[in-house]
Amino acid sequence: MPSVGLPSSELVAAEGIETQIRRVRVGDGHVLVARLTSGEVVAFAPVCPHQFTELDEATIRDGTLRCPRHGYLYDTRSGENIHPGRETSPENMWKVRPGFLPCYQVREEGGWISVSDDPSPPPLAYDPALEERPARGDGDDPAPVGAGAASPAAGGAPVAGGAPAAVEQSLKFLTAASGSTFEIRLPLVPRPGFSWRFEVVGELLQVVDEQFEPGYSPCHLVRVAAHGVGAATLSCIYAGEQGERAEVRTFIVRVQPG
Ligand code: FES
């Protein structure tokens, strides 16, 4: 468990509007840490699993984090979604798609806080199958990618060439075997200066190859290697040279023993 170099004295206990959430670097990524009023320190992913809002400005009450965007609630110890997940029937879960908040093990000793660089296992209540849209038969919502298997072309509305576009967001849940690689195909709609970029939270995933795949529907093929066991987040961002985002596709990947 690597030290994040955060002295205990710099993280005071406070919840509600006084929540002090600190962003710290762990490995190649970042996590957020906070001290609950009980004194316990919790660590969790920096973006909301619902629609990827940064959680630096979130609030915490009774150990429950509230995302500032749509008010989804997550348990900061287990990552379980509390609202709306607990009030939503299984057949409607795909409509709200709360996912889970990746959490990290924390150790505090000798006046310093350390955070594991691997996320803890998903909460028991989390079932990725419930969050998949039921098959409609029109082929516009691809199935999750299986370990080592190529995905169908990713769906969603294309970005109009050269025209300003709202940021399109999508979230998908995948499973991969540790030690395997899997592929994701992203649509390629020509837009000057724009390209796909990738951000990985945690060290379980690594983008090992990218290439243009020609054909009737040309796409950007990404090959990702999975290592270890746990959950990780891969964000695929279609962005311009100045960082302006046109589309974000985020994949929550559960890596299982190979
Ligand atoms: S983005 Fe966090 S609740 Fe919707």
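Bear in mind that the values in this text are calculations on the coordinates, not laboratory data. As the structure is a prediction and not an experimental result, all values here were calculated from the model. Note: ideal-geometry Cβ built from the backbone for every residue, glycine included; neighbour counts use all protein chains shown.
Of everything in the stretch 219-242, what is surrounded by 15 or more Cβ atoms within 10 Å (Cβ to Cβ) and over 26 Å from Val115 (Cβ atoms)? Give them in sequence order.
Cys219, His220, Leu221, Val222, Arg223, Tyr238, Ala239
Quick check: anything in the stretch 113-124 assigned to a loop (DSSP other than H, G, I, E, B), surrounded by fewer than 22 Cβ atoms within 10 Å (Cβ to Cβ) and among the small types (Gly, Ala, Ser)?
Yes, some residue in the stretch 113-124 is assigned to a loop (DSSP other than H, G, I, E, B), surrounded by fewer than 22 Cβ atoms within 10 Å (Cβ to Cβ) and among the small types (Gly, Ala, Ser).
For Leu204, which of the numbered conditions (1) surrounded by fewer than 21 Cβ atoms within 10 Å (Cβ to Cβ); (2) within 16 Å of Thr175 (Cα to Cα); (3) in contact with a Gly (Cβ under 6 Å, 6 or more places away or on another chain); (4) not polar (S, T, N, Q) fails to hold?
Tallying (1) surrounded by fewer than 21 Cβ atoms within 10 Å (Cβ to Cβ); (2) within 16 Å of Thr175 (Cα to Cα); (3) in contact with a Gly (Cβ under 6 Å, 6 or more places away or on another chain); (4) not polar (S, T, N, Q), Leu204 fails exactly one: (1).
Being under 17 Å from the mean Cα position of the chain (by Cα) and over 19 Å from Val253 (Cα atoms) narrows it down to one of Thr88, Thr76, so name that one.
Selected residue: Thr76, the only one of Thr88, Thr76 that is under 17 Å from the mean Cα position of the chain (by Cα) and over 19 Å from Val253 (Cα atoms).
Evaluate the following for Gly39: is it away from the ligand (no atom under 16 Å from the Cβ) and either in contact (Cβ under 8 Å) with a residue 40 or more places away in the chain or in contact with a Pro (Cβ under 7 Å, 6 or more places away or on another chain) (or both)?
Against the criterion (away from the ligand (no atom under 16 Å from the Cβ) and either in contact (Cβ under 8 Å) with a residue 40 or more places away in the chain or in contact with a Pro (Cβ under 7 Å, 6 or more places away or on another chain) (or both)), Gly39 does not qualify.
If you check Glu91, Glu80, Glu57, which single one turns out to be more than 16 Å from the ligand (Cβ to nearest atom), at negative phi and among the acidic types (Asp, Glu)?
Residue meeting the stated conditions: Glu91.
So which residues in the stretch 58-74 are more than 15 Å from Arg97 (Cβ to Cβ) and touching a residue at least 12 places away in the same chain (Cβ under 8 Å), if there are any at all?
Correct list: Ala58, Thr59, Ile60, Arg61, Asp62, Gly63, Thr64, Leu65, Pro68.
Take the stretch 1-36 and flag every residue that is closer than 22 Å to Val200 by Cβ and within 16 Å of the ligand (Cβ to nearest atom).
Of everything in the stretch 1-36, those that are closer than 22 Å to Val200 by Cβ and within 16 Å of the ligand (Cβ to nearest atom) turn out to be Ile21, Leu32.
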